[in-house]
Amino acid sequence: MSDDGWDERPKAQSHKAASALRELGRGANRRFGQNFLTQPAFIERIADLAEITPGAPTLEIGPGLGVLTEALLRRGAALQVVEIDRELAARLQERLPELPLLVADATTLDWAEVCPGEGWTSCANLPYNVATPILAALLDEGARFRRHVLMFQLEVAERLAAKPGDDAYGGLSLLCQAAADVRIVLELPPGAFHPPPKIWSAVVRLDPHPTPRTGGLPMEGFRRAVRAGFSQRRKTLLNALTATYGREQAGVALRATVGERRRAEELDHAEWEALAVALERP
Ligand code: SAM
């Protein structure tokens, strides 16, 4: 950022991202979901939301041109970054030679290996095309991550944070909220990025629970029950669950917990925990 405030102007920032790419003789790569943050106010806000303390182990997936990376470094993060785009990775490593940078596909990594130990924070403007599988893998790491501050397309963010009664409430909401406290903390218009995407985006803060909220089941069992319940949305739970658990077992579990006539999207988290336990441990 320059001292004269020129770079604070959104247009100037967008131009900066465009000219950084031009210098590399290329544009944004759509295949890698590249929409670069351009506005300093948003970048600083996202880095603030991570509440990094100096020296805190922090993971950024997809640093791209490095604007969020630099904001995290300014806050003292002990940063590990993972970038799939070799050219952008090389540019970043040239500018920040000390930065631990892994050139890799984040969907294939073993996070226990890349981020060993406790107290991790992740902070990233995720590539939209692979954001959900990356989130699922990070949440599987449990409370080794104290917080995730991640950008999604708004529609996905709404599904992650939805509560019973919301249109967006579904299996993804339940599985995500079994692992973490989930909140939408910032919404961003297309103009906050270069190139601007067609849709709005949102930053979601996820604070993992010390123990997943699965009624004591392994996540695998809770996931199986929730997926079965939401597999046929317009049917009653009894019909939806029958394919996975059989009609008799599904009926017994429903009568013992939430009743036979409910629909998957009517049940709150505690009801889902009780039902999943009854289905998985008959
Ligand atoms: N952090 C930058 C910013 O906010 O301006 C770039 C964000 S851009 C939405 C997504 C970034 O993730 C790009 O740098 C892209 O190359 C990278 N990326 C895409 N797919 C990836 C993958 N599978 N593994 C690691 N990085 C990936």
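Checked against (1) surrounded by fewer than 20 Cβ atoms within 10 Å (Cβ to Cβ); (2) in a helix (DSSP H, G or I); (3) touching a helix residue (DSSP H, G or I) at 6+ places or on another chain (Cβ under 8 Å), E273 passes all but condition (1). Considered as a group, the residues in segment 239-270 that are in contact (Cβ under 8 Å) with a residue 60 or more places away in the chain and in a loop (DSSP other than H, G, I, E, B) include one that is surrounded by the most Cβ atoms within 10 Å (Cβ to Cβ), and that residue is L267. Quickly run through segment 54-65 and pick out the residues that are in a loop (DSSP other than H, G, I, E, B) and within 7 Å of the ligand (Cβ to nearest atom). Correct list: G62, P63, G64, L65. Take the conditions (1) under 19 Å from P195 (Cβ atoms); (2) open to solvent by less than 30 Å² (accessible area, probe 1.4 Å); E60 misses just one of them, which is (1).
Within segment 139-179, being in contact with an Asp or Glu (Cβ under 6 Å, 6 or more places away or on another chain) and open to solvent by less than 40 Å² (accessible area, probe 1.4 Å) holds for R147, A168, Y169. Specify which of the listed residues (R213, R159, R147) is part of a strand (DSSP E or B) and of a type in the set (K, R). Criteria check complete, one pass: R147. Candidates in segment 66-110 are the residues that are acidic (D, E) and surrounded by fewer than 16 Cβ atoms within 10 Å (Cβ to Cβ); of these, the one that is farthest from the ligand (Cβ to nearest atom) is E98.
The values are calculated or read from the model by the stated rules, or taken from the named source; none is laboratory data. Please read these numbers as outputs of a predicted model, since none were measured by experiment. In this analysis, Cβ positions are derived from the backbone assuming ideal geometry, glycine residues included, and neighbour counts consider all displayed protein chains. Areas reflect the complete protein model, heavy atoms only, side chains present, ligands, DNA and RNA absent. Shrake-Rupley method; radii C 1.70, N 1.55, O 1.52, S 1.80 Å.
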